[in-house]
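Enquirer: I have a structure here, written as structure tokens, and I will follow up with some questions on it.
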Amino acid sequence: MTEPKKSEIILKGIPASPGIAKGSVYLFRKHEPTVEERILETEEVERELSRLEQSIARSKKELRKIYDFAEKKLGNNQAKILEAQLLILDDAIIFDTVFERVRKEKKNAEYIVQDEIGKYHRLMVAARDEYTRERANDLEDVRNRILRNLQEQRLVSKFEGANIVVGQNLSAADTLILSRNEVLAFATEIGGATSHSVILARAMQIPTVVGLPHVAGKAHDGDTMILDGYSGMVVINPSEGTVRRYERKLKEYKDFEKQLSTLRHLPAETLDGHRVQLAANIELAEELEFVKMQGADGVGLYRSEVLLLGKEVFPSEHEQVQQYKVFAEALYPKQVIIRTFDIGGDKLMMQAVSEKNPFLGWRGIRVMLDKEDLFLDQLRAILRASTRKNVAVMFPMVSSIKEVRNAKKFLEEAKSQLKAKDVLFDDKIKVGVMVEVPSAAVIAEDLAQEVDFLSIGTNDLIQYLLAVDRSNEIVSSLYQEFHPAVVRFLRRIIERGKKGEVWVGMCGEMAGDPLATMLLLGLGLDEFSVVPTMLPEIKKIIRSVHYTEAKHVADKVLAMQTEDEIKTYLLRIMKEKFPDIPTG
Ligand code: PEP
Ligand code: MG
């Protein structure tokens, strides 16, 4: 009897690492230990304690092995992501209590480990900030590792052939261990685009989609899967038609990439000679080669807060200089704009601060202006990396002139401190602010008097302008890039900024949306800073149009009253002019 054909299941998740893959599913089952409570005889207690000690030692050994592997494969910086777990294993507060409780309560080690670590875990899972929740994953991983070793079981992470790894949740350690096999892609239920495992997957250039509802329950070992790391679509048991469509898409994508590669070293210039800067947004040093290969005009946004991932304390000035220099050297003579730490909001926080409304809270420049020493450390580090004059500094979440003036005072203070020690730096380092709070947009002209450039952060600007939380799925349909208010606001910022004689760029995701390119060009944007994978597409559009034509498009859009109207119009132009370029 032939098996009934499995039906096709389509899931939509969050695209986390680009690329398209097709292959068989390998379901990664985490060891979920079943733990029973057992009362020990008095004479058993010592043996239990030494069993616990050995399991912790074995867990450390395992983690060190993974750490060494990560260091070899990805370098020291990425390996550090695993330090968080090693630190937990050395945490005296947790483990002294665990030993003490086994001794006093005379209960089996598995039960006490599960119970004690479980308490911390529950607290961390409930935290509002992503950083603490990410640490909860680390803690869970460590607990399961110790329990597995107590139960003397081995971790199964080897598989035959090339597969797409599907799991509920992958820790950074899981991602690394699994990558010793031939992994075509990762698909998980849990995880944000900035989780440690995603950062590692991206560094290893493995296509990844996260946030896929129940994918681990819906996919089975050996099922065929198609995963699109650009759009976040995953198809389980694709029909022949879907396979054909994706194979065509993959081929088209590859052909298109080949065609685009010829553009890499040409300027981002319209047919009638209007030149703009086309830069890249970057988070990891591992992306530098790719950014250069894509022919970027430098880096328009380096999200420096990524340096804080997996860290207990802020990196020292020295550590920061090393990192910033890697970027400045690799891209010289092109410019690298380093944004000072943008922590708070939904991003990591070094200390647990509970805020009812974190997006409207202690975030970005507000934090750094309060943490004077840390701010000065970072500014000195940025200055010290600027000796070749290709580094600029940018402040996030600015909402008033006063904040900019204060931030600049810190910059001057950092300069004086370096001068006092005869340390070299670029005294004329360019300073910019992000325009991502509506108040900053309203005073763009005044801001321009204070700085050298403005960079529009549409990701936040849209959420604050439209009162739509950028990470709340319930209102995601209201988060509209092409809302007429957004478009008119952009025009205002660009015009006012230019009136103040500074250049105006954009580093929010909208800059990398091909549907927006002609409009933004026509609005007069001087710089587009986009995810590195989108550089060729955006350049192709810019190089294929006249500036006058783009201005005409912008004028038409500015007169429209609904997002639907604007999108329909822009889609029509894109379909006519650029049928090859995928548009949402
Ligand atoms: C933005 O808000 O548009 C931006 C680029 O910053 P981030 O996404 O890091 O908040
Ligand atoms: Mg922002």
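The values are calculated or read from the model by the stated rules, or taken from the named source; none is laboratory data. Note that the coordinates shown come from a computational prediction; the quantities given were computed from them, not determined experimentally. Glycine also receives a Cβ, built like all others from the backbone with ideal geometry; neighbour counts cover every protein chain displayed. For the accessible areas, the whole protein counts, side chains as well, though only heavy atoms, and no ligand, DNA or RNA atoms are used. Shrake-Rupley method; radii C 1.70, N 1.55, O 1.52, S 1.80 Å.
Enquirer: So which residues in the stretch 357-381 are surrounded by 20 or more Cβ atoms within 10 Å (Cβ to Cβ) and outside any helix (DSSP H, G or I), if there are any at all?
Expert: R363, G364
Enquirer: Related question: What do you reckon, is V451 away from ligand 1 (no atom under 15 Å from the Cβ) and buried (at least 19 other Cβ atoms within 10 Å of the Cβ)? Talk me through it step by step, then tell me what you get.
Expert: Working: away from ligand 1 (no atom under 15 Å from the Cβ): yes; buried (at least 19 other Cβ atoms within 10 Å of the Cβ): yes.
Criteria met by V451.
Enquirer: I'm told E501 meets every condition in (1) assigned to a loop (DSSP other than H, G, I, E, B); (2) under 26 Å from the mean Cα position of the chain (by Cα); (3) modelled with pLDDT under 95 except one. Can you identify the failing condition by its number?
Expert: It is condition (2) that E501 fails.
Residues are listed down the side, and each one gets a yes or a no for (1) in contact (Cβ under 8 Å) with a residue 40 or more places away in the chain; (2) within 16 Å of ligand 2 (Cβ to nearest atom); (3) assigned by TED's automatic domain parsing to the domain that holds D297; (4) within 26 Å of G361 (Cα to Cα):
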| residue | (1), (2), (3), (4) |
| --- | --- |
| S386 | yes, no, yes, no |
| A392 | yes, no, yes, no |
| F395 | yes, yes, yes, yes |
| L418 | no, no, yes, no |
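Enquirer: For the stretch 420-436, how many residues are among the aliphatic types (A, V, I, L, M) and more than 16 Å from ligand 2 (Cβ to nearest atom)? Spell out the reasoning first.
Expert: As a first pass, look at the stretch 420-436 and keep what is among the aliphatic types (A, V, I, L, M): 420, 423-424, 429, 431, 433-435.
Filter once more, so that each one left must be more than 16 Å from ligand 2 (Cβ to nearest atom): 420, 423-424, 429, 431.
Residues in the stretch 420-436 being among the aliphatic types (A, V, I, L, M) and more than 16 Å from ligand 2 (Cβ to nearest atom): 5 in total.
Enquirer: If you scan the stretch 534-584, which residues turn out to be part of a loop (DSSP other than H, G, I, E, B) and touching a residue at least 12 places away in the same chain (Cβ under 8 Å)? Outline the logic, then answer.
Expert: Keep residues of the stretch 534-584 that are part of a loop (DSSP other than H, G, I, E, B), which gives 545-546, 559-562, 578-584.
Correct list: V545, H546, M560, Q561, T562, F578, D580, I581, P582, T583, G584.
Enquirer: Here is a follow-up. I'm trying to understand the selection: among the residues of the stretch 265-288, which are assigned to a strand (DSSP E or B) and either surrounded by 21 or more Cβ atoms within 10 Å (Cβ to Cβ) or within 16 Å of ligand 2 (Cβ to nearest atom) (or both)?
Expert: Going through the stretch 265-288, the residues assigned to a strand (DSSP E or B) turn out to be 269, 275, 277-282.
L278, A279, A280, N281, I282, listed by residue number.
Enquirer: Which one of E189, E140, E160 is free of Cβ contacts under 8 Å to residues at least 12 places away in the same chain and either open to solvent by 10 Å² or more (accessible area, probe 1.4 Å) or within 29 Å of K107 (Cα to Cα) (or both)? Reasoning before the result, please.
Expert: On the way: E189 fails: free of Cβ contacts under 8 Å to residues at least 12 places away in the same chain; E140 fails: free of Cβ contacts under 8 Å to residues at least 12 places away in the same chain.
Result of the check over E189, E140, E160: E160.
Enquirer: Which one is nearest to R384 (Cα to Cα) among residues in the stretch 289-314 that are more than 16 Å from ligand 1 (Cβ to nearest atom) and surrounded by fewer than 19 Cβ atoms within 10 Å (Cβ to Cβ)?
Expert: Residue satisfying both the conditions and the ranking: F314.
Enquirer: Condition (residue is under 21 Å from P238 (Cα atoms) and β-branched (V, I, T)) applied to the stretch 184-191: is it met by at least one residue? Reasoning before the result, please.
Expert: Going through the stretch 184-191, the residues under 21 Å from P238 (Cα atoms) turn out to be 184-189.
Keeping just the survivors that are β-branched (V, I, T) gives 188.
The answer is yes; a qualifying residue exists.
Enquirer: Kindly evaluate S231 against the criterion of being under 18 Å from the mean Cα position of the chain (by Cα) and open to solvent by 10 Å² or more (accessible area, probe 1.4 Å). Give the steps one after another, and end with the answer.
Expert: On the way: under 18 Å from the mean Cα position of the chain (by Cα): yes; open to solvent by 10 Å² or more (accessible area, probe 1.4 Å): yes.
In short, yes.
Enquirer: Further question: Is it the case that L52 is under 24 Å from the mean Cα position of the chain (by Cα) and open to solvent by less than 50 Å² (accessible area, probe 1.4 Å)? Before you say what the answer is, go through the steps one by one.
Expert: Working: under 24 Å from the mean Cα position of the chain (by Cα): no; open to solvent by less than 50 Å² (accessible area, probe 1.4 Å): yes.
For L52, the condition - under 24 Å from the mean Cα position of the chain (by Cα) and open to solvent by less than 50 Å² (accessible area, probe 1.4 Å) - is not met.
Enquirer: Also, quick follow-up: What strands (runs of 3 or more DSSP E) completely inside the stretch 158-234 contain at least 1 residues that are closer than 17 Å to F69 by Cα?
Expert: On the way: elements: 162-167, 182-188, 208-210, 224-228.
Where strands (runs of 3 or more DSSP E) fall fully within the stretch 158-234 and carry at least 1 residues being closer than 17 Å to F69 by Cα, they are 182-188.
Enquirer: Please find, within the stretch 10-31, the residue that is nearest to D228 (Cα to Cα) out of those that are in contact with a strand residue (DSSP E or B) (Cβ under 8 Å, 6 or more places away or on another chain), assigned to a loop (DSSP other than H, G, I, E, B) and not charged (D, E, K, R).
Expert: Checked the stretch 10-31; the qualifying residue nearest to D228 (Cα to Cα) is G19.
Enquirer: Does I443 satisfy the condition of being away from ligand 1 (no atom under 13 Å from the Cβ) and touching a strand residue (DSSP E or B) at 6+ places or on another chain (Cβ under 9 Å)? Give the derivation first.
Expert: Values: away from ligand 1 (no atom under 13 Å from the Cβ): yes; touching a strand residue (DSSP E or B) at 6+ places or on another chain (Cβ under 9 Å): no.
The answer is no for I443.
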